[in-house]
1. Out of Ser190, Ser141, report the one residue that is within 13 Å of the ligand (Cβ to nearest atom) and either surrounded by fewer than 24 Cβ atoms within 10 Å (Cβ to Cβ) or more than 25 Å from Ser43 (Cα to Cα) (or both).
2. When only residues in segment 45-84 that are among the small types (Gly, Ala, Ser) and surrounded by fewer than 16 Cβ atoms within 10 Å (Cβ to Cβ) count, which is modelled with the lowest pLDDT?
3. Can you find a residue in segment 85-102 that is farther than 17 Å from Gln321 by Cα and surrounded by 19 or more Cβ atoms within 10 Å (Cβ to Cβ)?
4. Of the conditions (1) free of Cβ contacts under 8 Å to residues at least 40 places away in the same chain; (2) near the ligand (Cβ under 9 Å from one of its atoms), Glu173 satisfies every one except a single condition; which number is it?
5. State which residue pairs qualify: first residue within 20 Å of Thr99 (Cβ to Cβ) and inside segment 128-145, second residue charged (D, E, K, R) and near the ligand (Cβ under 10 Å from one of its atoms) in any location, beta carbons under 8 Å apart, and separation of 6 or more residues or different chains.
6. Which condition does Gln321 not pass, out of (1) under 27 Å from Leu95 (Cα atoms); (2) surrounded by fewer than 18 Cβ atoms within 10 Å (Cβ to Cβ); (3) in contact with a helix residue (DSSP H, G or I) (Cβ under 9 Å, 6 or more places away or on another chain), if it passes all the others?
7. Note down all Cβ pairs under 8 Å where the first residue falls in segment 59-72 and is without any contact (Cβ under 8 Å) to a residue 24 or more places away in the chain and not assigned by TED's automatic domain parsing to the domain that holds Leu244, the second is more than 13 Å from the ligand (Cβ to nearest atom) and among the aromatic types (Phe, Trp, Tyr), and they're at least six residues apart or on different chains.
8. If I ask for residues that are touching a residue at least 60 places away in the same chain (Cβ under 8 Å) and part of a loop (DSSP other than H, G, I, E, B), which ones from segment 236-263 would you list?
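The values are calculated or read from the model by the stated rules, or taken from the named source; none is laboratory data. Everything quoted here is computed from the prediction, not taken from an experiment. Here Cβ is always computed from backbone atoms with ideal geometry, including for glycine, and neighbour counts include all displayed protein chains.
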Amino acid sequence: MEIQMLDLKGQYIKIKEELDREIDSVLNEAQFIGGRQVYEFASALADYLSSSHVIPCANGTDALQIALMSLNLERGDEVILPAFTYAATAEVVALLGLTPVLVDVCEESFNIDTSQIPAVISEKTKAIMPVHLFGQSAEMSQIIEIASRYHLKVIEDNAQALGAKYQMPSGEEFSCGTIGDIGCTSFFPSKNLGCYGDGGAMFTQDDKLAERLRMIANHGQKVKYTHTVVGCNSRLDTIQAAILKIKLNYLDSYITARREAATLYNDLLYGVSEIVLPKEMAESTHVYHQYTILSKRRDELKEHLQKEGIPTMIYYPIPLQNQPAFKERVVIRCETPVALKLSQEVLSLPMHTELTYNQQMRIADSIKKFYKHK
Ligand SMILES: *Cc1c(COP(=O)(O)O)cnc(C)c1O
């Protein structure tokens, strides 16, 4: 069987009847925008996350943008984010005329190095946007502590870690995305909870902020045709909500499947000293949106695996500060050697809910062959 980076078809087939029935009812009810499924899904997700509010929107990038818009920031205000992330995180900051200030990441967790945040804070700093990269929470207790010390807002980019849990030093456990002022997620098909198109959502525990987020996502209106603020049009389609409502029931089993696949990779690749395997931090559960290894010979290894019919991906090959669009826009007050190193060494192996033991054996054998292990 062909090895895929992602197997959405295989995942669909298993719950096809249930999904088809739900999609059918959307077609029959014909409430394609704002149908009951949108509210049902939002409420089910709020329960799942123990979040006071879940505000659906059109995609994860919009979620980040609307979150920033809700904070009443001014042009030139600064937002701190990790130097190693998907471009969307920095993109929305730049798009709103704000300044992305990059902070290096930790090599072990791929997440923002919180010890370096205080040094880059200026009078213009207004918010921190941690990204829970590859399925594991950033150090939220430190981030919350810094944010309250400097009066900053926290927007969590939780596009990759929906369903992950984070434990505060007090022992209290929270769902990723519900700890900061606003959490944002994406339901892009490849995400851990993916729909069959674009989708996204915002989470908050603050009633006033929830109202603002809802208003901004709906053309800045609370009462129809009365536009209070300049907003945008960002909605989750009913059909996508219907799909997500069903798939949410499987999210925990999907996470379990990903975690089991990660454990198997760890076992199979144990002792291959030329590569570094992903690590799990003590405070966070890992939901393995990606299983990402490090290799000094990353490009050669990728090519070798490709020749053997094994797809891999590089998330992310070009650090933000070297991207043509962001070079002139990002501010770097501390060097970012780890982000640069990661962009040259990361390699994500196939990771999805349908991976089989034999496929993972083949992948591990091929990696061992490359390094001439027996
Ligand atoms: C996927 C992703 C986004 C953007 O989500 P879209 O739904 O594709 O707009 C933002 N940040 C991170 C870290 C992501 O992985």
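1. Details: Ser141 fails: within 13 Å of the ligand (Cβ to nearest atom).
It is Ser190.
2. Within segment 45-84, the first condition is being among the small types (Gly, Ala, Ser), and the residues that meet it are 46, 50-52, 58, 60, 63, 67, 70, 76, 83.
Of the ones still in play, those that are also surrounded by fewer than 16 Cβ atoms within 10 Å (Cβ to Cβ) are 50, 52, 76.
Details: Ser50: 98, Ser52: 98, Gly76: 95.
Only one residue fits best here, namely Gly76.
3. No; the residues of segment 85-102 include none that is farther than 17 Å from Gln321 by Cα and surrounded by 19 or more Cβ atoms within 10 Å (Cβ to Cβ).
4. (2)
5. Met129/Asp157; Pro130/Asp157; Val131/Asp157
6. Here Gln321 meets the rest and fails (2).
7. none
8. Leu236, Asp237, Tyr250 - these are the residues of segment 236-263 that are touching a residue at least 60 places away in the same chain (Cβ under 8 Å) and part of a loop (DSSP other than H, G, I, E, B).
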